[in-house]
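Chemist: Dropping a structure here in structure tokens format, bear with me for questions.
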Amino acid sequence: MQTQIPVDLLKTAHGQTADKILRSCVHCGFCLSACPTYGLLGDELDSPRGRIYLIKQALEGGEVTANSLTHLDRCLTCRSCETTCPSGVEYAHLLDIGREFIEAKSPRPRLQQFIRWGLRKTLTTPFLFNTLTTLWPWAKHSTVNKPLQTLVRQAKAHTHVKQVLLISGCVQPALAPNINLATIHVLHKLGIGVIETPQVQCCGAVEHHLSGSEDALKK
Ligand code: SF4
Ligand code: SF4
């Protein structure tokens, strides 16, 4: 599609990237059928194409409202739309740029900012998150599958030529510990050993997707 992004913005790296991505979209709408939020809500603005238009409008200097941010917030960043796009539109990358740009133009209410900050800090601090999920009676976390744990213990006794590093993650070990165990088990069956790296806890994704890109880069 054609774009009319202001020259000042086009001089920035984000402006150039967004412009390139926007121009690759031919607004065919193939992506709509792959989008869970569009499937659920049936609103074009909650579809990939609608969000692309919202971001384009914002970058071109159009009106930005709290509503624009709501439609972007509802995106799960599942990237399902990218798999069906015939033009190879890098939607998720554009969304990151768009969210940051729109949030700067239309700041969130202070309470919302505080809640999001709290989520970023809690989810990325395993000790804090584990303690809270233990204390919180409604927290639904799966318990460790003992037979799987035994299989993994046996797998770890083997030495494989091929090895991969596994970052256990921030939230997953507390909420769904069997995912990492199952991963280790499957890799072992494929002849690949796993080196766990407990000292590396955070990849920065939570910070990044909750408008904390600067903190994410420090992770
Ligand atoms: S993102 Fe891809 S599939 Fe969706 S409207 Fe644009 S070109 Fe079509
Ligand atoms: S990344 Fe967002 S827009 Fe794309 S399919 Fe998932 S929810 Fe829909």
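Values in this text are rule-based calculations from the coordinates and carry no lab data. Note that the structure is a prediction, hence the values are computed from the model and not measured. Methodologically, a virtual Cβ is constructed for each residue, glycine included, from the backbone with ideal geometry; neighbour enumeration extends over all protein chains shown.
Chemist: If you consider only alpha-carbon coordinates, what radius of gyration and Dmax does the stretch 78-204 have, in Å?
Modeler: Using the Cα atoms of the stretch 78-204, the pair Rg, Dmax is 19.3, 55 Å.
Chemist: Shifting gears a bit: Under a crude label model (7 Å from the Cα following the beta-carbon direction), how far is Ile179 from Ser213 in nanometres?
Modeler: The modelled label-to-label distance comes out at 2.5 nm.
Chemist: Same structure again: What's the center-to-center distance, using Cα atoms, between the stretch 110-139 and the stretch 15-33 in Å?
Modeler: 35 Å
Chemist: Mind putting together the pair-distance distribution for the stretch 1-44? All Cα pairs, 10 Å bins, whole percent per bin, short to long.
Modeler: Here the calculated profile for the stretch 1-44 is 25, 34, 30, 11.
Chemist: Taking the Cα-to-Cβ direction at Gln172 and at Lys146 and moving 7 Å from each Cα, how far apart do the two end points lie in nm?
Modeler: 2.6 nm
Chemist: Please work out how many pairs of lysine residues in the chain are eight or more positions apart (or on different chains) and have Cα atoms closer than 19 angstrom.
Modeler: Step by step, the pairs that qualify in the chain add up to 11.
Chemist: While we're looking at this one, here's another question. Tell me which cysteines of the chain come out unpaired when the rule is another cysteine's Cβ under 4.7 Å.
Modeler: Cys25, Cys28, Cys35, Cys75, Cys78, Cys85, Cys170, Cys202, Cys203
Chemist: How are the alpha carbon pair distances in the stretch 146-196 distributed across 10 Å bins from zero to the largest one, expressed in percent?
Modeler: Going from the shortest bin to the longest, the percentages are 27, 56, 17, 0.
Chemist: Taking only the alpha carbons of the stretch 22-114, what extent do you get along each of the three principal axes, in Å, biggest first?
Modeler: Principal extents (largest minus smallest coordinate, Cα): 39, 28, 19 Å.
Chemist: Once you have the Cα-Cα distance between His160 and Leu76, take 0.36 nm times their residue separation minus that, and quote the gain in nm to one decimal. Before the final figure, lay out each step's value.
Modeler: Values: separation 84, 0.36 × 84 = 30.24 nm, distance 3.70 nm.
That pair, His160 and Leu76, stretches by 26.5 nm at full extension.
Chemist: So, one more: What is the log10 of I(q)/I(0) for the chain, computed with the Debye formula using one identical point scatterer on each Cα and no solvent, at q = 0.14 Å⁻¹?
Modeler: Once normalised to I(0) and log-transformed, intensities are -1.01.
Chemist: For Gln2 and Ile192 in one chain, what is 0.36 nm times their gap in residues minus the Cα-Cα distance, to one decimal in nm?
Modeler: Working: separation 190, 0.36 × 190 = 68.40 nm, distance 4.79 nm.
Taking 0.36 nm per residue and subtracting the Cα distance, the gain is 63.6 nm.
Chemist: Measuring from centroid to centroid over Cα atoms, what is the spacing of the stretch 162-184 and the stretch 80-109 in Å?
Modeler: So the separation of the two Cα centres works out to 28 Å.
Chemist: Where in the stretch 63-138 are there trypsin sites (Lys or Arg not before Pro) that are in a DSSP coil and have at most 16 other Cβ atoms within 10 angstrom of their Cβ?
Modeler: Values: sites: Arg74, Arg79, Arg99, Lys105, Arg110, Arg116, Arg120, Lys121; in loops: Arg74, Arg79.
Here the trypsin sites (Lys or Arg not before Pro) that fit, given the DSSP loop and packing criteria, are Arg74, Arg79.
Chemist: How far, in nm, would the chain grow between Val26 and Glu44 when pulled straight, counting 0.36 nm per residue and subtracting the alpha carbon separation?
Modeler: Numbers: separation 18, 0.36 × 18 = 6.48 nm, distance 1.57 nm.
Length gained between Val26 and Glu44: 4.9 nm.
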